[in-house]
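Notes follow the structure.
Derivation of every value follows stated rules applied to the coordinates shown; laboratory data play no part. Keep in mind that what you see is a predicted model, and the values were worked out from it rather than measured. No Cβ is skipped: glycine too gets one built from the backbone with ideal geometry, and neighbour counts run over all protein chains shown.
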Amino acid sequence: MCKGRGEEIHHVFLKSRGGRGVFTNGLTLCGSCHRKVHNDNELIDYWIDVFTDRYGYGFWMDEYDR
């Protein structure tokens, strides 16, 4: 988000919502931006929309979910 160095992997579709650890569900963020996303539901929804447009519905699923 800040164009800084990605130090942490954020699950775009949150693990607490059923998101899996697949490549298409990962976004690298600096620690500060990672905390910002987790504290702002609008940012969470924004990134879900971006990844849905980029990878399609179900981008957070693995072969066991499909």
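Just one of the listed residues (Arg54, Arg5) is of a type in the set (Lys, Arg) and assigned to a loop (DSSP other than H, G, I, E, B), namely Arg5.
Looking at Val37, Val22, which one is within 24 Å of Asp65 (Cβ to Cβ) and in contact (Cβ under 8 Å) with a residue 40 or more places away in the chain?
Values: Val37 fails: in contact (Cβ under 8 Å) with a residue 40 or more places away in the chain.
Unique residue meeting the criteria: Val22.
Restricting attention to region 14-66 and to residues that are in contact with a strand residue (DSSP E or B) (Cβ under 7 Å, 6 or more places away or on another chain) and among the aliphatic types (A, V, I, L, M), the residue that is nearest to Met1 (Cα to Cα) turns out to be Leu29.
Filtering region 7-39 to residues that are surrounded by fewer than 16 Cβ atoms within 10 Å (Cβ to Cβ) and over 21 Å from Tyr57 (Cα atoms) leaves Glu7, Glu8, Gly31, Ser32, Arg35, Lys36, His38, Asn39.
If I ask for residues that are surrounded by 13 or more Cβ atoms within 10 Å (Cβ to Cβ) and either of a type in the set (Val, Ile, Thr) or not in a helix (DSSP H, G or I) (or both), which ones from region 40-49 would you list?
To start, the set of residues in region 40-49 that are surrounded by 13 or more Cβ atoms within 10 Å (Cβ to Cβ) comprises 43-44, 46-48.
Result: Ile44, Ile48.
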